[in-house]
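Input: a single structure, listed below in structure tokens.
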Amino acid sequence: MQVSVQSTGGLEKRMQVELPADEVERTIDEELTKLSRTARLNGFRPGKAPMRVVRQQFGARVRKQVVDDLLRSSFQFAASQQKLVPVGDPRIEALSSAKGKGLKYAAVFEVLPQIELKSVEGLEIERLTAAVAPGDIDVMIESLRKQRPKWVEAARPARDGDKVTVDFDGKIDGAAFAGGKGENVEILIGANRMLREFEQGVLGASAGETKAVTLTFRADYHYKEVAGKTAAYDIRILKVEEATPPDLDEAFFKSFGIEEGGLDALRRDVAENMERELATVVRARVKTQLLNRLHDANPVEVPRALVENQIRQLQIDAARRMGVRDVSQIPAREQFEQAARRRVGLGLLINEIIRREGIRVDRAKVDAEIAELVAEHEQPGEMARAYLENREAMHQIETRVLEDQVVEWLIGRARITDKPVSFHEAMNSETKT
């Protein structure tokens, strides 16, 4: 096999490969011989058809199959021989496989860049240091109280944030319609769970009043029967309630799983959760800084194929978050290109550190990651087994763990400056530093 390689710019290579005719024809003959032993042809017993008949019947198909197989295997062998690591599938040019002419082709492809880590020692980062103070716990408990309000009837007009109970009767062109009538329906004003015009209609109304509201459904409203139509509603206000924080009593403590210890036990639980959240934020900020510094200090030429794959993945992720199902509504690729190039570059740098330093995934850390993922599940053992049996899920977990191990390795070589801040400042700090 003859191989020659030339660079065509950037990370792209053009590799020419030539296999001699006798090797190609011998491989084709061997495949035809194997086929002749089992081939069923009209007029012949299985395996008894003459080779010329077998060749006439199957020769073209076998030649194509052999050429395809030789192309794949010879490309892999030639790339390995030339110490090249291809990225993505090659583009085949000038393919020639005529009988007696051997196999000749040119493959155009990108390769992984040669990475020389220029700077990993002494990367400068800032680490926030904070503590959970008693006042921070007070603020958090007040927030928890507001999240679980008691509803107390209010003898005043309804305002934003109130819960209003109503009966309503709606008609379109004077006729009732499906879903147009309701009794004892609760509306949380400002929650946008009802149509805006409906909420606005009860705003400012008091218990016992009746309001007339007219609204037009959007043309794309999910109930096709009323889409684009105008409905007139009579709304009777039954009750107006305002939210008040619940008392710090036994019922409130039990709602958070506190059976004994009362307020002191709740404060301890809240403090522990806040400390965990604080530690997570501080770690995330350190990690982001380190990876940014690593990326900026080690510019890497990235393969287009890997960038395009990453852009597509970012588009899919964004579309999923937005609930987009129509392909034409997927966000444009341009807005993801910079992030995709950064991700690919960082991935190459991290993999180089892993290779150079011989870092191996820590099984104990993988087990800890799985334990954390399943901790809130009703059957954590069963869920953990599901993760262990899912190859793709395990690959994602191991990749995250390896990345965290690289970050730990970098932290050991970084220049870290501690910055004392309050809990509030730490939790609201920018992570993209």
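Numbers for the structure displayed
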quantity: Pair list, Cβ < 9 Å and 6+ apart or interchain, from the stretch 187-214 residues that are more than 28 Å from Asp173 (Cβ to Cβ) to residues that are among the hydroxyl-bearing types (Ser, Thr, Tyr); calculated: Ala207/Thr165
quantity: Residue within the stretch 325-342 that is in contact (Cβ under 8 Å) with a residue 40 or more places away in the chain and either over 25 Å from Pro113 (Cα atoms) or outside any loop (DSSP other than H, G, I, E, B) (or both) present; calculated: yes
quantity: Which listed residue is exposed (fewer than 11 other Cβ atoms within 10 Å of the Cβ) and not assigned by TED's automatic domain parsing to the domain that holds Arg159, from Asp249, Asp220, Asp173; calculated: Asp249
quantity: Any hit, the stretch 204-213, residues being in contact with a strand residue (DSSP E or B) (Cβ under 8 Å, 6 or more places away or on another chain) and either closer than 30 Å to Ile141 by Cβ or modelled with pLDDT under 90 (or both); calculated: no
quantity: Search result, residues across the stretch 215-257 that are of a type in the set (Lys, Arg), without any contact (Cβ under 8 Å) to a residue 60 or more places away in the chain and touching a Ser or Thr at 6+ places or on another chain (Cβ under 9 Å); calculated: Lys229
quantity: Candidates Arg342, Arg356 - the one that is in the same structural domain as Val300 (by TED's automatic domain parsing) and surrounded by 14 or more Cβ atoms within 10 Å (Cβ to Cβ); calculated: Arg342
quantity: Members of the stretch 359-389 found to be surrounded by 11 or more Cβ atoms within 10 Å (Cβ to Cβ), charged (D, E, K, R) and under 21 Å from the mean Cα position of the chain (by Cα), listed by number; calculated: Glu369
quantity: The one condition in (1) surrounded by 16 or more Cβ atoms within 10 Å (Cβ to Cβ); (2) farther than 27 Å from Leu123 by Cα; (3) out of contact with any Leu (no Cβ under 9 Å at 6 or more places or on another chain) that Glu398 fails to fulfil; calculated: (2)
quantity: Gly180 of a type outside the set (D, E, K, R) and at positive phi; calculated: no
quantity: Given (1) in contact (Cβ under 8 Å) with a residue 12 or more places away in the chain; (2) in a strand (DSSP E or B), index of the condition Ala176 fails; calculated: (1)
quantity: Those residues of the stretch 254-289 which are in contact with a Leu (Cβ under 7 Å, 6 or more places away or on another chain) and over 30 Å from Ile189 (Cβ atoms), in sequence order; calculated: Ile258, Leu263, Val282, Arg285
quantity: Flag if Leu263 is under 37 Å from the mean Cα position of the chain (by Cα), of a type outside the set (D, E, K, R) and either part of a helix (DSSP H, G or I) or under 30 Å from Ser429 (Cα atoms) (or both); calculated: no
quantity: Those residues of the stretch 179-222 which are of a type in the set (A, V, I, L, M, F, W, C) and in a loop (DSSP other than H, G, I, E, B), in sequence order; calculated: Ile189, Ala191, Met194, Leu195, Leu203, Ala205, Ala207, Phe217, Ala219
quantity: 2 or more residues touching a helix residue (DSSP H, G or I) at 6+ places or on another chain (Cβ under 8 Å), of a type in the set (A, V, I, L, M, F, W, C) and in contact (Cβ under 8 Å) with a residue 60 or more places away in the chain: qualifying helices (runs of 4 or more DSSP H) within the stretch 360-433; calculated: 391-411, 423-427
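The values are calculated or read from the model by the stated rules, or taken from the named source; none is laboratory data. The model shown is predicted, which means the values in this text are computed figures rather than measured ones. With ideal geometry, Cβ positions are generated from the backbone for all residues, glycine too; neighbour counts draw on all protein chains shown.
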